[in-house]
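Input: a single structure, listed below in structure tokens.
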Amino acid sequence: MTTSASIDDAESLRPVGRIAAFFDLDKTIIAKSSTLAFSKPFFDQGLINRRAVLKSSYAQFLFLLSGADHDQMERMRAHIANMCAGWDVEQVRSIVAETLHDIVDPLVFAEAADLIADHKLRGHDIVVVSASGEEIVGPIAEALGADVSTATRMEVEDGRYNGTVEFYCYGDGKVEAMNVLAESRNYDLSQCFAYSDSITDLPMLNAVGHPTAVNPDRALRKEAASVGWPILTFSNPVSLRARFQTPSGTTVAASAAVGFSALVAGAVTYGLLRKKR
């Protein structure tokens with residue numbers, strides 16, 4: 001017959017779940033992008049045209065002011081896939097690596113870097129969760145000292161994007177990716193942390209026990225205030241290279257990738273926001 005003492009002993013022997021801090025990337029860790037600086041080399045190499053260069057600067061301005069709602073993000077998925085179809089993946093990586101020395105380093109919020117360091121000191125894993133492409137997010141996350149990252153996956157055939165999104169790491173997709181990581185890495189999501197700036201990441205924030213809004217858009221600020229979530233303001237961007245004192249090839253690639261990610265998002269967002277008017 002099972003006694004209450006033996007039940008308690010069994011409970012105490014169960015492995016304790018690990019704790020992770022899940023971070024959105026854009027406008028949560030990264031303050032702003034090198035969109036304009038990277039427009040020229042992409043234009044020079046024929047990946048974008050002059051019209052896209054002009055659109056990217058305008059779109060980046062609008063995106064930083066207003067963000068994007070669910071419908072815009074869904075349209076962005078389709079437009080990004082179509083825009084990148086046929087692009088040579090290695091060419092993209094080569095362009096950003098070769099031109100990085102001519103442009104300004106991407107900026108990371110000092111407060112975000114401090115928060116990441118604090119979680120690491122507490123023994124928590126750092127996880128970057130982003131709707132940007134995995135070939136972009138991965139090296140950025142590594143440069144930031146993250147333990148793992150999860151991001152959008154686009155299908156590649158013969159070294160080129162084929163225009164199909166295999167997995168969209170956005171909205172409920174982020175939660176799906178978090179659950180996969182929780183299973184494989186033994187995370188207890190009820191004890192984990194999450195940080196984001198956008199109402200579109202509400203599923204991600206609701207998936208953990210300790211959600212925090214960072215530089216929230218209007219809708220997320222309202223939601224966070226109504227449920228009593230902490231609200232943080234990050235306002236002190238610093239050079240990624242200066243912040244992390246041991247730059248490596250990975251850091252360089254990550255810095256360049258931020259600019260590429262923002263360039264694509266900027267060009268696409270322009271069209272989406274114009275349609276909303």
Return a yes/no flag: does segment 163-184 have any residue that is of a type outside the set (A, V, I, L, M), at pLDDT below 90 and assigned to a strand (DSSP E or B).
-> yes
Subset of segment 75-96 [open to solvent by 10 Å² or more (accessible area, probe 1.4 Å), in contact with a strand residue (DSSP E or B) (Cβ under 7 Å, 6 or more places away or on another chain) and at pLDDT below 75] = Arg77, Asn82
Kindly check whether there is at least one residue in segment 186-200 that is among the β-branched types (Val, Ile, Thr) and in contact with a Ser or Thr (Cβ under 8 Å, 6 or more places away or on another chain).
-> no
If we keep just the residues of segment 203-241 that are small (Gly, Ala, Ser) and open to solvent by 80 Å² or more (accessible area, probe 1.4 Å), which is nearest to Val108 (Cα to Cα)?
-> Ser235
Residue that is modelled with the lowest pLDDT, among those in segment 212-242 that are among the small types (Gly, Ala, Ser) and assigned to a loop (DSSP other than H, G, I, E, B) | Ser235
Residues Ala141, Ala146: which one is part of a loop (DSSP other than H, G, I, E, B) and not polar (S, T, N, Q)?
-> Ala146
Does Thr200 fit the bill of being under 19 Å from the mean Cα position of the chain (by Cα), modelled with pLDDT of 95 or more and open to solvent by less than 60 Å² (accessible area, probe 1.4 Å)?
-> no
Could you give every pair whose Cβ atoms fall below 7 Å, whose first residue belongs to segment 180-196 and is on the phi > 0 side of the Ramachandran plot, and whose second residue is open to solvent by 30 Å² or more (accessible area, probe 1.4 Å) and modelled with pLDDT of 95 or more, counting only separations of at least 6 or pairs across chains?
-> Asn186/Arg18
Looking only at segment 203-230, count how many residues are more than 19 Å from the chain's Cα centre (by Cα) and aliphatic (A, V, I, L, M).
-> 4
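The values are calculated or read from the model by the stated rules, or taken from the named source; none is laboratory data. On a predicted model such as this, the values are computed, not experimentally measured, just so you know. Note that we place each Cβ from the backbone using ideal geometry, even for glycine, and neighbour counts take in every protein chain shown. Note: accessible area is taken over every heavy atom of the protein model, side chains too, but ligands, DNA and RNA are not part of it. Shrake-Rupley method; radii C 1.70, N 1.55, O 1.52, S 1.80 Å.
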